[in-house]
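Read through the structure below, which is laid out as structure tokens, and then see the notes.
The numbers here are math on the coordinates, done by the rules we state, and not lab data. Because the structure is predicted, anything quoted here is derived from the model rather than measured. Here the Cβ is made from the backbone with ideal geometry for all residues, glycine too, and neighbour counts use every protein chain on show.
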Amino acid sequence: MLRDMFKKTYTRIDTKYREPERTVTADGEEPTIPQGLWRKCNKCGQPIYTEDVKNNYYICPKCKGYFRVHAYRRIEMVIDDGTFEEWDKEMEFVNPLSFPGYEKKMNATKEKTRLNEAIVTGKGRIHGQETVIGVCDARFFMSSMGHNVGEKIARAVERATAEKLPVIIFACSGGARMQEGLVSLMQMAKTSAALEKHHEAGQLFVSVFTDPTTGGVTASFAMLGDIILAEPMR
Ligand SMILES: [Zn+2]
């Protein structure tokens, strides 16, 4: 039946913490390793000491694979301390297709990730230079480009144009948001148009692809960078 083709199946995927293989010290005692001290690299499967992951800028010291970085953490890494001013933090929830269960899933995702949408936008300084920044977060609906994501990008870019500032966007994942259908697809045109005006005003746009960047995001704003940087994809 057609119905069954769209049936949801849930798979438990272990992407979080896992205890590393135990090592035995010289005097034969097993050291106890507290949970959360280790992270498993999704690329090579090795347990990596969490501090090493942070100190190595979220790149696996063993296989050079890239870890996913949460939006606010990325901002903390890139923007000068205390200079970040977030824009459009709260936006009204829209459910253009009245998609069943969307609002419930949205609320659960908000609570789990402590984010309001799949992108954080705002203004800050990098080595004193003012810039507009947008950072996508894959934990939020796989960073799909729903109405509010498109709106936040378009507003940030328009404001950058008005304030004569460069724009840096860290993209990740990002197909259409299934629950918003055509409205989600329209965000490609909206964000592209805003960036075209920014470009015509002679401003710089740097697009950064984090691993993996796909879908509607690559079919719109992410590919329009004057400079495009990409993490290696494996
Ligand atoms: Zn690795």
Requested in this report: Rounded to whole Hz and in sequence order, give me ³J(HN,Hα) for the stretch 75-88 from the Karplus expression 6.51 cos²θ - 1.76 cosθ + 1.60, θ = phi - 60°, writing x for Gly and Pro.
Outcome: 4, 4, 6, 9, 8, 4, 3, x, 9, 7, 10, 7, 10, 6
Report summary line: One finds, for Glu111 and Cys44 with R0 = 22 angstrom and r their Cβ-Cβ distance, a FRET efficiency to the nearest 0.05 of 0.10
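Would you mind ranking His127, His147, His198, His70 by Cβ crowding within 10 Å, fewest neighbours first? Show your work: numbers first, answer last.
Working: His127 5, His147 20, His198 26, His70 17.
Result, fewest neighbours first: His127, His70, His147, His198.
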Query raised in the report: Cross-link partners among lysines for Lys43, C-alpha distance below 23 Å, same-chain residues fewer than 8 apart left out?
Result: Lys16, Lys54, Lys62, Lys64
Query - Under the Karplus curve 6.51 cos²θ - 1.76 cosθ + 1.60, θ = phi - 60°, whole-Hz ³J(HN,Hα) for the stretch 185-191, x wherever Gly or Pro sits - result: 5, 5, 5, 5, 5, 5, 5
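Sort Trp38, Trp87 so that the residue with the fewest other Cβ atoms within 10 Å of its own Cβ comes first and the one with the most comes last. Each step should come with its number before you reach the end.
Details: Trp38 19, Trp87 15.
If I rank by nearby Cβ atoms, fewest first, I get Trp87, Trp38.
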Requested in this report: Enumerate by residue number the chymotrypsin sites (Phe, Trp or Tyr not before Pro) in the stretch 160-224 meeting two conditions: DSSP loop (anything except H, G, I, E, B), and at most 11 other Cβ atoms within 10 Å of the site's Cβ.
Outcome: none
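Any chance you could count the Lys pairs in the stretch 68-230 whose alpha carbons are under 14 Å apart, treating pairs 8 or more apart or on different chains as valid? Walk me through the intermediate numbers first.
Values: Lys89/Lys110; Lys89/Lys123; Lys89/Lys152; Lys104/Lys112; Lys123/Lys152; Lys123/Lys164; Lys152/Lys190; Lys164/Lys197.
Within the stretch 68-230, the lysine pair count is 8.
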Report summary line: Reduced to Cα centres, the span from the stretch 193-234 to the stretch 55-88 in Å works out to 18 Å
Report summary line: Here the gain from full extension of Glu86 to Val206, 0.36 nm per residue of separation minus their alpha-carbon distance, amounts to 41.3 nm
Report task. Calculate, in nm to one decimal, what Lys197 and Tyr57 gain on full extension: separation in residues at 0.36 nm each, minus their alpha carbon distance. Result -> 47.0 nm
Requested in this report: Quick one: which residues, 5+ away or cross-chain, put their amide H under 5 Å from the amide H of Gly134? H built at 1.01 Å from N.
Outcome: Ile168, Ile169, Phe170
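Classify the stretch 177-217 from the C-alpha gyration tensor, please: rounded if a/c falls under 1.5, else prolate or oblate depending on whether a/b exceeds b/c.
Values: a/c = 4.92, a/b = 1.41, b/c = 3.48.
Note, shape of the stretch 177-217 comes out oblate.
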**Report entry** Residues Arg68, Arg177, Arg73, sorted so that the one with the fewest Cβ neighbours within 10 Å comes first
**Finding:** Arg73, Arg68, Arg177
Requested in this report: Please say if the stretch 68-230 is rounded, prolate or oblate, where rounded means a/c under 1.5 for a ≥ b ≥ c the square roots of the C-alpha gyration tensor eigenvalues, and otherwise the choice is prolate for a/b larger than b/c and oblate otherwise?
Outcome: prolate
Query - Cα lying deepest toward the dipole's positive end in the stretch 144-216, options Ala156, Pro212, Met145, charges on Cβ - result: Ala156
